[in-house]
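Right, one structure below, let's go through it.
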Amino acid sequence: MVQERFMSVISQLFQYRIIRCGGAVDDDMANIIVAQLLYLDAVDPTKVMFSRSM
């Protein structure tokens, strides 16, 4: 149940073009982030993407 809610939140963030990185960025995480950015760009290339590090 908790995992389903977590995935629902992540999916909703992704719909708003927000990509969450919950840890260190290693090679695998970097590949996932790049894949998500490429997907979002392919879906709607007119929308602006911002990047922020915390």
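Things worth noting here:
- Tally, over the range 8-50, of residues that are hydroxyl-bearing (Ser, Thr, Tyr), at pLDDT below 90 and exposed (fewer than 10 other Cβ atoms within 10 Å of the Cβ): 2
Results for (1) within 9 Å of the chain's Cα centre (by Cα); (2) not in a helix (DSSP H, G or I), shown as yes or no for each residue.
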{"position": "Gln3", "(1), (2)": "no, no"}
{"position": "Val9", "(1), (2)": "no, no"}
{"position": "Leu13", "(1), (2)": "yes, no"}
{"position": "Arg17", "(1), (2)": "yes, yes"}
{"position": "Ile33", "(1), (2)": "yes, no"}
{"position": "Thr46", "(1), (2)": "no, yes"}
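- Number of positions in the range 19-31 that are outside any loop (DSSP other than H, G, I, E, B) and either over 24 Å from Val48 (Cα atoms) or not small (Gly, Ala, Ser) (or both): 4
The values are calculated or read from the model by the stated rules, or taken from the named source; none is laboratory data. This one's a predicted model, so the numbers in the text were calculated from it and none came from an experiment. Cβ: placed from backbone, ideal geometry, glycine included. Neighbour counts: every protein chain shown.
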